[in-house]
Amino acid sequence: MILLEWNNRILFETIQQRFSNPKRELLAVDFADFDGVSFKINTPEENKAIVYISIAWSCIPQLLKYGAKQDLAKVYGPMLQQTPEAGFDITLKVDLDNPTENPENLPQKLSNLKRHVLAAPFKQTFERLAKGEKPSEIIPINYRDGESFYIKPESDGRCTVIYSIAFRDAGDAVLAKVFLQEFADARKNMRGVPSVTYNYKEAPLELQGYNGISQKEISANGFVSFVLFETHLAPNNVFKTINLIQTFRNYLHYHIKCSKAYMHNRMRARVVSWLQVLNRARPDPIAEKKKKLASGKTFVRKKVFQSVFAFY
């Protein structure tokens, strides 16, 4: 098993090449990321040293309510534009000739744009729990079409994160159950890991009675619940916790696809081995025996079934 990157590789390599290449050319790159995210990187004709990075995502208006814009202003400073490009939600402006910080670190920082946007509700909730404040209500984020995740702070300092996952194939739901069972088994031998539970077509206890979730979503989706403890929410661990928890959905589907590909390869290999066994078990044809008579003529002994057909 591997952990997927939480930054965008295309964005990272594009900005890195832009810094390393002294020749300035017009740039216009449109690409997508997980969860229906759209990116755009472009340069204006009048100044090729300026690079605009824009992101469009259906859940960004929700994330802005939980301090996403304030967090981006702290991370990117003057690069954050007050008015985004048309058709996008957030735009950054990068001056290659006069960067605001070390050019070696800037590509990695810019490629984490989606990560920083999505981290806003997690950071807000975790900071309040660390300060001992009274838990707020459940925070729903509709980050995909028909899928959401819910952040529910608990009164004892814990936090429950619930993913609503739509499985297009019923077999994927079964594989997800087997896959997540490994999480529960591994927890028996490991200390300080989150508690993981899985419910299919049934809302977990934390969401029962919550009006922000529809019955249609409950009857069609599976729900994966993570219980994060105080150690996961500590200041020295919170950055890694947010990185791992927000990439879980992609991590799960990636390994489901890998599991299916592995099983298909094993099935094809088994079919090939069975065909080899059948080929080896096929009897050889009976060779016709030839004998010479005293007169010198050749006599051919025909097969039994040929003689029978000749008789009839």
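A few points about this structure:
- Nearest 10 degrees, 0 to 90: helix 248-281 Cα axis against the chain principal axis: 10
- Among Leu106, Leu63, Leu293, residue whose mean-square fluctuation peaks in a GNM of the chain (springs only between Cα atoms under 10 Å): Leu293
- Amide N of region 36-77 lying under 14 Å from the label point, which is placed 7 angstrom from the Cα of Asn142 along Cα→Cβ: 58-63
- Helix 170-187 and the long axis of the chain differ in direction by around 70°, with both axes built from C-alpha atoms.
- Remark: Met79, Met190 ranked as Met190, Met79, counting other beta-carbon atoms within 10 Å and listing the fewest first.
- Residue order, fewest to most beta carbons within 10 Å, for Trp57, Trp6: Trp6, Trp57
- A helix-only calculation puts the chain at -12000 deg cm²/dmol for mean residue ellipticity at 222 nm, using -39500 (n - 2.57) for each DSSP H run of at least four residues, averaged over all residues.
- In the set [x] 33, 59, 8; [y] 28, 46, 24, 2; [z] 25, 42, 16, 8, 8, 1, the label that goes with P(r) over Cα pairs in 20 Å bins from 0, in percent computed for this structure is [z].
- When the pairs Lys152/Lys177; Lys114/Lys240; Lys93/Lys123; Lys177/Lys257; Lys23/Lys48 are compared against a 19 Å limit on Cα-Cα distance, Lys152/Lys177; Lys93/Lys123 fall above it.
- Under the combined filter of DSSP loop state and at most 14 neighbouring Cβ atoms within 10 Å, region 57-135 retains these trypsin sites (Lys or Arg not before Pro): Lys65, Lys131.
- 19 Å Cα-Cα reach of Lys292 towards lysines, excluding residues that sit fewer than 8 places from it in its own chain: Lys302, Lys303
- Ascending count of other beta-carbon atoms within 10 Å, so fewest first, for His232, His116, His253: His253, His116, His232
- Charge dipole (Cα centre; +1 on Lys/Arg Cβ, -1 on Asp/Glu Cβ; no other charges) of region 9-118 amounts to roughly 220 debye.
- Eligible aspartates and glutamates near Lys216 by straight Cα distance, threshold 15 Å, same-chain separation 8 or greater: Asp145, Glu147, Glu202
- Straight-line cross-link reach from Lys131 at under 19 Å between alpha-carbon atoms covers these aspartates and glutamates, not counting any fewer than eight positions away in the same chain: Asp71, Glu154, Asp156, Glu230.
- Global geometry of region 135-261, whether rounded, prolate or oblate, following the gyration tensor of its Cα atoms and the 1.5 cut on a/c: oblate
- Among Val178, Val224, Val94, the residue with the largest mean-square fluctuation in a Gaussian network model of the chain, with springs joining Cα atoms closer than 10 Å, is Val178.
- For the chain, built as a Gaussian network whose Cα springs stay under 10 Å, the top-fluctuating residue of Glu206, Glu101, Glu85: Glu101
- Relative contact order, percent, region 9-118 [alpha-carbon distance under 8 Å, six or more residues apart]: 28
Where a number appears in this text, it was derived from the coordinates with a stated rule and is not lab data. Source: prediction; values computed, not measured. As a convention, Cβ positions derive from the backbone with ideal geometry for all residues, glycine included, and neighbour counts pool all protein chains shown.
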